[in-house]
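This report refers to the structure that appears directly beneath it.
The values are calculated or read from the model by the stated rules, or taken from the named source; none is laboratory data. Nothing here was measured: the structure is a model prediction, and the numbers come from that model. All Cβ positions, even for glycine, are placed from backbone atoms using ideal geometry, and neighbour counts span all protein chains on display.
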């Protein structure tokens with residue numbers, strides 16, 4: 001099949017590359033000529049493990065190409081995927097659909113035959129109906145269907161998620177569209193991965209409901225962590241104890257500095273707004289958003305308390321600033337709340353992150369970037385673990401402690417135990433929930 005992928009951001013590029021690996025002919029489109037030039041040169045503009053190798057493989061095989069010309073990509077396509085950004089709209093928390101509707105209008109004018117226009121971007125309920133209306137208004141009489149196909153890709157594990165998904169959700173309104181989408185995902189169907197066909201509205205809501213539920217699990221265990229600190233319990237054992245219950249499961253029950261990233265903050269805000277607009281308030285989700293913001297601010301207090309109540313004039317080494325390991329994504333990362341607060345309170349902050357510097361340099365002014373955790377910790381008054389990159393999981397704590405002016409650790413991901421830190425020579429240690 002011929003597929004046009006409109007947008008080469010995280011979702012669009014990963015999806016386009018993986019579809020080409022299914023054997024489809026895929027053309028990825030982007031308005032940014034610099035990004036297209038980069039992709040044509042074989043360079044990937046995002047960090048995602050294995051994506052560069054898979055992209056090169058399919059470009060070489062002739063199944064994957066890149067262009068800034070939307071019309072040529074859409075010409076003769078069986079399916080046209082919209083995978084443009086839907087950032088949170090300022091003022092009301094809703095998803096900004098400007099890029100989606102602009103893409104739909106351009107696609108309408110470019111259609112040369114029947115195609116399924118598939119919304120891959122995360123969009124509020126009712127968006128696909130609006131996309132249909134935009135296309136019909138822009139190009140009356142064109143033969144097309146609209147489908148909803150939300151993504152469930154975890155940054156850092158996106159290729160595996162695409163190739164071995166828990167499920168594929170497809171919202172359609174006709175058997176013709178269902179048949180096309182069935183061919184698009186035929187390689188997964190043949191390997192018995194679940195494909196759930198629904199109406200458009202249900203598919204749209206599944207994405208938001210899934211992310212809101214996961215954000216709620218994270219926030220719940222972070223609230224339990226705070227209680228653990230007050231009563232002397234260990235949140236890691238509490239997490240294990242409840243996670244062994246099959247009805248609950250052990251995923252997303254790791255206490256830390258709050259959720260961030262490209263999906264959870266944006267999608268919880270959008271779902272809360274959708275509920276308000278339809279007189280069905282999402283009270284749990286609204287509380288999750290509020291508590292998550294409080295958790296990030298609470299982490300600042302932890303570091304301040306660790307340093308005797310103030311960080312003014314003190315050197316703090318921060319290990320990891322991306323919202324999770326194995327990504328360069330800084331969107332809504334806890335670091336964007338915690339690090340500026342430390343700088344604002346007079347700390348001299350040194351930062352180490354394997355992939356975060358490219359985005360972090362302009363998002364975190366006033367910090368010093370280092371390439372090595374030990375160099376960052378040398379002469380420091382405290383070290384803060386914010387992102388659990390593998391290289392921060394096996395540090396020589398004794399070496400680090402000896403190099404510090406004051407050996408203090410704020411382990412906001414519970415990578416190490418208080419016992420490990422004490423035995424290594426740390427004079428003070430604070431984790432989350434223990």
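One line per residue, one yes/no per condition, for (1) out of contact with any helix residue (DSSP H, G or I) (no Cβ under 7 Å at 6 or more places or on another chain); (2) crowded, with 18+ Cβ neighbours inside 10 Å; (3) within 30 Å of residue 22 (Cα to Cα):
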residue: 204; (1), (2), (3): no, yes, yes
residue: 216; (1), (2), (3): no, yes, no
residue: 238; (1), (2), (3): no, yes, no
residue: 245; (1), (2), (3): yes, no, no
residue: 250; (1), (2), (3): no, no, no
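Please determine, by comparing only the residues of the stretch 294-303 that are farther than 24 Å from residue 374 by Cβ and out of contact with any helix residue (DSSP H, G or I) (no Cβ under 8 Å at 6 or more places or on another chain), which one is surrounded by the most Cβ atoms within 10 Å (Cβ to Cβ). Before the answer, list the steps.
Taking the stretch 294-303 first, the residues farther than 24 Å from residue 374 by Cβ are 294-298, 300-301.
This time we only want the ones that are out of contact with any helix residue (DSSP H, G or I) (no Cβ under 8 Å at 6 or more places or on another chain), so: 294, 301.
On the way: 294: 14, 301: 11.
Across the stretch 294-303, the extreme among qualifying residues is 294.
Report yes if some residue within the stretch 392-401 is in contact (Cβ under 8 Å) with a residue 40 or more places away in the chain and buried (at least 21 other Cβ atoms within 10 Å of the Cβ); otherwise report no.
If we filter the stretch 392-401 for residues that are in contact (Cβ under 8 Å) with a residue 40 or more places away in the chain, which is where we start, we get 392.
Next, only the ones that are buried (at least 21 other Cβ atoms within 10 Å of the Cβ) stay: 392.
Within the stretch 392-401 (the criterion being in contact (Cβ under 8 Å) with a residue 40 or more places away in the chain and buried (at least 21 other Cβ atoms within 10 Å of the Cβ)), the answer is yes, since at least one residue qualifies.
Here are some residues: 84, 134, 117. Which one is surrounded by 24 or more Cβ atoms within 10 Å (Cβ to Cβ), more than 23 Å from residue 275 (Cα to Cα) and out of contact with any strand residue (DSSP E or B) (no Cβ under 6 Å at 6 or more places or on another chain)?
On the way: 134 fails: surrounded by 24 or more Cβ atoms within 10 Å (Cβ to Cβ); 117 fails: out of contact with any strand residue (DSSP E or B) (no Cβ under 6 Å at 6 or more places or on another chain).
Result of the check over 84, 134, 117: 84.
Report yes if residue 272 is under 19 Å from residue 386 (Cα atoms), touching a helix residue (DSSP H, G or I) at 6+ places or on another chain (Cβ under 6 Å) and either not assigned by TED's automatic domain parsing to the domain that holds residue 89 or not in a loop (DSSP other than H, G, I, E, B) (or both), otherwise no. So that I can check it myself, show each step before the final result.
Details: under 19 Å from residue 386 (Cα atoms): no; touching a helix residue (DSSP H, G or I) at 6+ places or on another chain (Cβ under 6 Å): yes; either not assigned by TED's automatic domain parsing to the domain that holds residue 89 or not in a loop (DSSP other than H, G, I, E, B) (or both): yes.
For residue 272, the condition - under 19 Å from residue 386 (Cα atoms), touching a helix residue (DSSP H, G or I) at 6+ places or on another chain (Cβ under 6 Å) and either not assigned by TED's automatic domain parsing to the domain that holds residue 89 or not in a loop (DSSP other than H, G, I, E, B) (or both) - is not met.
Just to be sure before I move on: is residue 184 surrounded by 17 or more Cβ atoms within 10 Å (Cβ to Cβ), more than 23 Å from residue 331 (Cβ to Cβ), in the same structural domain as residue 10 (by TED's automatic domain parsing) and in contact with a helix residue (DSSP H, G or I) (Cβ under 6 Å, 6 or more places away or on another chain) in the structure I sent? Spell out the reasoning first.
Details: surrounded by 17 or more Cβ atoms within 10 Å (Cβ to Cβ): yes; more than 23 Å from residue 331 (Cβ to Cβ): yes; in the same structural domain as residue 10 (by TED's automatic domain parsing): yes; in contact with a helix residue (DSSP H, G or I) (Cβ under 6 Å, 6 or more places away or on another chain): no.
In short, no.
Does residue 249 meet the test of being part of a loop (DSSP other than H, G, I, E, B), free of Cβ contacts under 8 Å to residues at least 60 places away in the same chain and over 17 Å from residue 331 (Cα atoms)?
yes
Return only the number of the condition from (1) assigned to a helix (DSSP H, G or I); (2) touching a residue at least 60 places away in the same chain (Cβ under 8 Å); (3) within 19 Å of the chain's Cα centre (by Cα) that residue 302 does not satisfy.
It fails just one condition, (3).
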